[in-house]
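Notes follow the structure.
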Amino acid sequence: MLFFLIMGGLSACFILLIILLLAADLLFTSFGEFREALLKPEIQAAFRLTLLTCTIAAILSLWVATPLGYLLSRYRFPGRWLIDTLVDIPIVLPPLVLGLSLLILFHLPMGDWKLESWLRDDLHFPVTYRWPAVVLAQFSVACAFAVRTMRVTFDQINPRAEDVARTLGCTRAQAFLQIALPQAWRGMITAATIAWARALGEFGPILVFAGATRFRTEVLSTTVFLELSVGELDAAVAVSLLMVAMAVVVLLFLRWFGTGLTT
Amino acid sequence: MIELQHVTVRAGDYLVDDISFRVEHAQYAVLMGKTGIGKTTILESICGLRKISSGKLLIDEHDVTDALPGDRQVGYVPQDLALFPTLSVREHLEFAMRLRRQPRDKIAARVRELAEVLGIESLLPRGVQGLSGGESQRVALGRALSFGPSVLLLDEPLSALDADTRGATQDLLKRVNQQTGVSVLHVTHNLEEAEALADVRLELVREPPSHRLKLRHPGDIAVEH
């Protein structure tokens, strides 16, 4: 009995903290204020840009994470440990440092050549302080989480089935596409959802690399910051609650696809 | 036929060293040996999933030492069967023939024929998740035989089956061997199984003092060293 009291008591502290945080946000604002804030055109623009950039970042993450997760799961090759470590760097890097690194990368002169100038002048696709910078900042972190998820997914799929497929006439690519990938669909949905949720919460790298220009590079996380900076606490709380709602939808989606969180 | 000529395979820390034997066309060979001695390694080397360090591997008199697994004409049934969880039983039997872009009617006829021989006609539309051990075994066997391989490799195919199913599957394996003329290399450590099925018995043993793996031929078995 004492065991459950101590364990339950310690666990309850954390659960209570989460409930209190959400309750405080809800009590601070009223439905009218919430509605008023969300009807602001700049917040609606930020909402649309958030949906767009998070979705692009999640799709890009999945495209990279699926082959990389598969290679890390299935093959032993020289430098594998290094790649494995490098993939985790965006997760452990302080967010502002990541944003600063992106900014430096795009503006580092290499002789007469700069990545940003080349993209802007030759490809007519400027990145820094534009919406692609938002996507890239979100992708840099979201992809790392997606790779981890896809690696665990492929670790849990029996590689013998792909081996047998190869004896039946499959190339390695066919074995991956026809045998491994159809088994990995749950993991792919989970990876995309986690990447999307991570992208939603991204703030530091976006602020540094994309700025926080209204109607241009403002996403919901930067809206909270902008509203706070001009003393609009009600609007900041309303947007925060909107982000909480979006995160809850993502969590429910994850559970619905049975990723083990329900058990 | 299968012929190994002085084949050496490195598998992690241990070595399957200088193995030579031959299994003739339509012959049923049983390879025995203690658990973990390297029987599966030999099967994986024959079907191309493990690289042969030295020596030569011939299938139907063709040198396939460096051939891709899919080019060797070898049907493989691993111990865990490794069925494809997202495919139906019918799709398992069609899989290799679809890869070879065979005509639809030919694939359908072959699936019917295999399903009849293996007694799995009623299972064809089903997925593989709810199949019993014996049913799964027959599906894996059908998948391995579907493209008409010259060689069939079976890794402890009866170990997970109950006594009744084991007896029936044993009969089925012998029948398939006789009807199709496929050369079979069957790995087991069960002596009764070997006595019931084998035309040729091979035994993998560790030979002191070097602890090298060698093939022994109990009784009247034709085995080279």
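The values are calculated or read from the model by the stated rules, or taken from the named source; none is laboratory data. Fair warning: this is a prediction, and the values are worked out from it, not measured in the lab. Neighbour counts are summed over all protein chains in view; Cβ atoms, including those assigned to glycine, are modelled from backbone coordinates with ideal geometry.
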* Structure fact -> When restricted to A:I194, A:I179, the only residue of a type in the set (V, I, T) and within 14 Å of chain B (Cβ to nearest Cβ) is A:I179
* **Failed item, numbered, when B:L124 is tested on (1) under 18 Å from B:K39 (Cβ atoms); (2) out of contact with any Leu (no Cβ under 7 Å at 6 or more places or on another chain); (3) at pLDDT 85 or above** => (1)
* Restricting to the range B:11-60, what's the tally of residues that are under 17 Å from B:L204 (Cβ atoms), aliphatic (A, V, I, L, M) and in a loop (DSSP other than H, G, I, E, B)? -> 2
* Name the helices (runs of 4 or more DSSP H) wholly inside the range A:15-117 in which the number of residues that are surrounded by 10 or more Cβ atoms within 10 Å (Cβ to Cβ), modelled with pLDDT of 95 or more and of a type in the set (V, I, T) is 3 or more. => A:41-74
* Asked: Which of the residues spanning the range B:74-132 are part of a helix (DSSP H, G or I), facing chain A (nearest Cβ under 8 Å) and crowded, with 21+ Cβ neighbours inside 10 Å?
  -> B:F95, B:A96
* Select, from A:A137, A:A161, A:A144, A:A133, the only residue that is within 14 Å of another protein chain (Cβ to nearest Cβ), of a type outside the set (D, E, K, R) and either under 26 Å from A:A210 (Cβ atoms) or buried (at least 18 other Cβ atoms within 10 Å of the Cβ) (or both). => A:A161
* To do: Could you figure out which of (1) touching a residue at least 24 places away in the same chain (Cβ under 8 Å); (2) crowded, with 21+ Cβ neighbours inside 10 Å; (3) of a type outside the set (A, V, I, L, M) isn't true of A:F176?
  => (2)
* Lone unmet requirement of (1) buried (at least 16 other Cβ atoms within 10 Å of the Cβ); (2) at pLDDT 90 or above for B:G148 -> (1)
* Asked: Does at least one position in the range B:61-79 carry a residue that is of a type in the set (G, A, S) and more than 16 Å from the chain's Cα centre (by Cα)?
  -> yes
* **Among the candidates B:S20, B:S45, residue that is of a type in the set (S, T, N, Q) and buried (at least 22 other Cβ atoms within 10 Å of the Cβ)** => B:S45
